[in-house]
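Trainee: Sharing a structure with you now.
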Amino acid sequence: MGILTLFLIVTLSYAIMRAAPGKPFETEKNPSPEVLEELHRKYDFTFGQYLGGLLLRGDLRYSYSHRDKTVNEILAEALPISMQLGLMAMALAMLGGLASGLISALFRGTWIESLVMVFALIGIAVPNFVVGTAMQLLFASTLHWTKISGWPEPGTLVLPVAALSLTYLAYISRIARGSFLENLNKDYVRTARAKGLSEFRIYWKHLIRNSIQPVINYLAPATAAALTGTLVIERIFNIPGMGRYFIESVFQRDYPLALGVILVYSCFLLALNFLADIVQSLIDPRVELN
């Protein structure tokens, strides 16, 4: 099913880009018909040629807008940067979301729960490009605690990681809170208390393990999105990740580069969904893999 899904994604993406207005080499400065014909001969391709090169050699072809580089070379440079940014953001979102979700569930009906939920709603409602710009204005321009943008100096990582993680942290917090509340009154929690187990052991060994499954389901697509880069955050903080190249490929009708980015994202999404199923079966023996 994963192979079939990838084939459909590549097919539809190719068809949509070909049907979009504009042509790849219209940005050239008044090219002669001979030059234009040579460009099409050298760089253009049919769907069959693209699919054949991809399956036989893993060849994503040459980029239209970066003609001295193949798409494989561009992605090899950009993907590790986006993955580094995404992994740090998701680690922060996972830890912060689970902690805030558990705290709001334990202090249900108090001002602490209200405060946590207000922050979660803000994180969901406010776009990350607004958060990123506000962070630049406050911490870089006003307080001068860090640089506005750049990569890969350590001091420049804090703001983009925080801005990227906020939305995921907010969603994880709300999902975790609902799951914790559902499991707090289950029989196994009352039985553990009756046996005299400490609250820490109950929460760590039983409650978190049985409540984390909805979070894992959300983490699969969220991590895929974060690992392949968030377009606006990378643009705001001038990070040379996949987001920048994807935007360039769309505006410049760079079909090979756009297809390459879409293919990488799709592979991550399918692989992480598969991994989420395996992790669920390991955490909860009641989940069976057929």
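Values in this text are rule-based calculations from the coordinates and carry no lab data. None of these values were measured; they are calculated from a predicted model. Virtual Cβ from ideal backbone geometry, glycine too; neighbours counted across all protein chains shown.
Trainee: Over all pairs of distinct alpha carbons, what does the Kirkwood formula give as the hydrodynamic radius of the stretch 78-283, in Å?
Mentor: Hydrodynamic radius (Kirkwood, Cα pairs) of the stretch 78-283 is 18.5 Å.
Trainee: I've got another one for you. With runs of 4+ DSSP H residues as the only contributors, calculate the mean residue ellipticity of the chain at 222 nm using -39,500 (n - 2.57) per run, divided by the residue total and rounded to the nearest 500.
Mentor: -22500 deg cm²/dmol
Trainee: Now, a different point. For the chain, which DSSP H helices look membrane-span-like by this rule: Cα extent along the axis of 30 Å or more and mean Kyte-Doolittle of at least -0.5? Show your work: numbers first, answer last.
Mentor: Numbers: long enough: 71-106 (50 Å, 1.46); 158-184 (35 Å, 0.98); 255-283 (42 Å, 1.84).
Taking the DSSP H segments of the chain (at least 30 Å long, mean hydropathy at least -0.5), we get 71-106, 158-184, 255-283.
Trainee: With a cut-off of at most 16 other beta carbons within 10 Å, and DSSP calling the residue loop, which GluC sites (Glu not before Pro) in the stretch 188-290 qualify? Please list them.
Mentor: Glu288
Trainee: Ranking Arg61, Arg209, Arg177 by Cβ neighbours within 10 Å, fewest first, what do you get? Working shown, then result.
Mentor: Details: Arg61 20, Arg209 13, Arg177 25.
So the residues, fewest neighbours to most, are Arg209, Arg61, Arg177.
Trainee: Next question, about the same structure. Number of Lys pairs in the chain with C-alpha atoms less than 17 angstrom apart, excluding same-chain neighbours closer than eight positions?
Mentor: Values: Lys23/Lys42; Lys42/Lys69; Lys186/Lys195; Lys186/Lys205; Lys195/Lys205.
Pairs that pass both the separation and distance tests number 5.
Trainee: Would you list the P(r) distribution for the stretch 149-229, with all Cα-Cα distances sorted into 5 Å bins from 0 and each bin expressed as a whole %?
Mentor: Over the stretch 149-229, the share of Cα pairs per 5 Å bin runs 3, 13, 18, 16, 13, 11, 10, 8, 5, 2, 1, 0 percent.
Trainee: Using 0.36 nm times the number of residues separating Gln49 and Leu275, minus their current alpha carbon distance, what extension gain do you get?
Mentor: Working: separation 226, 0.36 × 226 = 81.36 nm, distance 3.19 nm.
Length gained, Gln49 through Leu275: 78.2 nm.
Trainee: Grab the alpha carbons of the stretch 74-198, take their convex hull, and tell me the volume per residue in Å³. Display every interim value, and only then the final one.
Mentor: Details: hull volume 19.5 nm³, N = 125.
Expressed per residue, the convex hull around the Cα atoms of the stretch 74-198 is 156 Å³.
Trainee: List the chymotrypsin sites (Phe, Trp or Tyr not before Pro) in the stretch 112-187 that DSSP assigns to loop (not H, G, I, E or B) and whose Cβ has at most 13 other Cβ atoms within 10 Å. Which are they?
Mentor: Answer in residue order: Trp145.
Trainee: Another question, if that's okay. Quick one: length gained pulling Lys186 to Gln213 fully straight, 0.36 nm per residue minus the C-alpha distance?
Mentor: The Lys186-Gln213 span can extend by a further 8.1 nm.
Trainee: Pairs of Cα atoms under 8 Å, at least six residues apart: use those to get the relative contact order of the stretch 78-283, whole percent.
Mentor: Taking the mean separation of contacting Cα pairs over the length of the stretch 78-283, I get 30 percent.
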